[in-house]
Amino acid sequence: MAWLGVLVLFLMLCALLNLLLPNPPPSRWRRALGRRTARVRRMFRRRRTPVPDPFDTLWIQTRLGYLSTKIRRLESTPNVYARAHRLMAVEAAYDDLLDEACKLAGVPSDPAALHPEEKRWQEEQELTSRGWSW
């Protein structure tokens, strides 16, 4: 009967210790098991694709509109100093923004397959078909 009293006393001390120490330090085997289960969880975890920020999309659309207006203005004005250089610079910026917009919209691209004009036209058509406007 004395052993029952010792058992009850031991359990009460364990409960009191559990109340005083809510997070006892994990033992060595618990840490090792936690690392292994974390590794397995990472292997089976779904890779979530981040949703693009709508403000980034809006910024790219407004910037594309600005650059396309600038390209049209440079092409229509005959007497502009260093016209070809400016046109090449603005078209390069426009192409870079188109590439970034295609990444945001999920449009697959093959950069080495087409000439720049064909690639630009194809990217514009893909973005327009996905609801982009500028």
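Any read-out appearing in this document is the output of simple, stated calculations on the displayed coordinates, not a laboratory observation. A quick note: this is a predicted structure, and the numbers were derived from the prediction, not measured. Neighbour counts run over all protein chains shown; Cβ positions are idealised from the backbone, glycine included.
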- To the nearest 20 debye, the chain has a Cα-centred charge dipole, built from +1 on Lys and Arg Cβ and -1 on Asp and Glu Cβ, of 1280 debye
- Most fluctuating residue of LEU114, LEU74, LEU19 in a GNM of the chain with Cα springs under 10 Å: which is it? LEU19
- Return the calculated 222 nm mean residue ellipticity for the chain, to the nearest 500 deg cm²/dmol, obtained by summing -39500 (n - 2.57) across DSSP H runs with n ≥ 4 and dividing by the residue count. -24500 deg cm²/dmol
- If you work out Cα extents along the principal axes in Å from the coordinates, which of [x] 108, 30, 28; [y] 39, 34, 33; [z] 37, 31, 23 do you get? [x]
- Per-residue HN-Hα couplings for the range 59-75 [Karplus 6.51, -1.76, 1.60; θ = phi - 60°; Hz; x = Gly/Pro]: 4, 5, 5, 5, 5, 4, x, 5, 5, 5, 5, 5, 5, 4, 5, 5, 6
- Query: If one takes the longest principal axis of the Cα atoms in the chain, at what angle in degrees, from 0 to 90 and to the nearest 10, does the Cα axis of helix 2-20 lie?
  - Reply: 30 degrees
- Message: Under the rule a/c < 1.5 gives rounded, and otherwise a/b versus b/c splits prolate from oblate, where does the range 54-129 land using the Cα gyration tensor?
- Response: oblate
- Arranged by the count of other C-beta atoms within 10 angstrom, fewest first, what order do VAL8, VAL107, VAL51 take? VAL51, VAL8, VAL107
- Query: Fewest to most neighbouring Cβ within 10 Å: what's the order for THR62, THR57?
  - Reply: THR62, THR57
- Message: Can you tell me the orientation of helix 83-105 relative to the chain, as the angle in degrees between its alpha-carbon axis and the longest Cα principal axis, to the nearest 10?
- Response: 30 degrees
- Note on the structure: Checking ALA82, ALA32, ALA105 against a Gaussian network model of the chain (alpha-carbon springs below 10 Å), the top fluctuating residue turns out to be ALA32
- Amide proton proximity set for LEU114, modelled H, under 5 Å, gap of 5+: none
- Provide ILE71, ILE60 in ascending order of the number of other Cβ atoms located within 10 Å of each residue's Cβ, fewest first. ILE71, ILE60
- Please determine, in degrees from 0 to 90 and to the nearest 10, the orientation of helix 28-44 with respect to the longest principal axis defined by the Cα atoms of the chain, where the helix direction is its Cα long axis. 30 degrees
